[in-house]
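The values are calculated or read from the model by the stated rules, or taken from the named source; none is laboratory data. As the structure is a computational prediction, the values presented were derived from the model and not from experiment. Backbone-built Cβ (ideal geometry, glycine too); neighbour counts: all protein chains shown.
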Amino acid sequence: MVNLLELVLPEVLPGFDFYVLPDEEMPGMAGVTATGGQQTIILSESTYIGLCHGDREARHVAAHELGHLVLHSAQTPMLAKRTRNDTRVDPEWQADRFADLWLVPTDGVRKCRSAKHVAAKYNVSDELAERRWTEVKIEGIQGELFE
Ligand SMILES: [Zn+2]
């Protein structure tokens, strides 16, 4: 994922910028994505270092920011704001969902034996693996019932 941010996106996406800032310059934030015409992802230094070492939380932060880039960079900041009425139009929910699906593809989960297997295969947190394992199992059951 570091290669995607540092090498691929700058080459194929005109106007894309990627920065790493010292943690003290991003208090309380692991990453941020500029939307509203800009296409910039900024990660905190500790998130970046974690990402370079395959840290599971750092991978999810980077995937979440990539979700904002893909889903929200064409929106004005006002449209990308959180609403209370429907979580599906909440940009934070959308970016989290993008990260979940991108890091743990549904077809791959179907080939796993357990949530632990999902976590190991996709190098994601136990919590994310359990969430995807559970929802893919439920989708599978629904598919069997309604096909
Ligand atoms: Zn976000």
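Okay, residues lined up against (1) loosely packed, with under 13 Cβ neighbours inside 10 Å; (2) of a type in the set (A, V, I, L, M):
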residue	(1), (2)
1	no, yes
14	yes, no
18	no, no
21	no, yes
24	yes, no
31	no, no
34	no, yes
45	no, no
55	no, no
Near pairs, Cβ below 9 angstrom, 6+ apart or cross-chain, from the stretch 88-99 (assigned to a loop (DSSP other than H, G, I, E, B)) to any residue that is more than 9 Å from the ligand (Cβ to nearest atom) = 90/81; 90/82; 90/83; 90/84
Which of the residues spanning the stretch 70-118 are at pLDDT 75 or above, more than 16 Å from the ligand (Cβ to nearest atom) and among the basic types (Lys, Arg)?
-> 110, 111, 113, 116
Count, please, the residues in the stretch 14-36 that happen to be away from the ligand (no atom under 12 Å from the Cβ) and either without any contact (Cβ under 8 Å) to a residue 12 or more places away in the chain or at negative phi (or both).
-> 14
Please specify each residue of the stretch 40-69 satisfying the condition of being over 11 Å from the mean Cα position of the chain (by Cα) and within 15 Å of the ligand (Cβ to nearest atom).
-> 40, 41, 42, 43, 44, 47
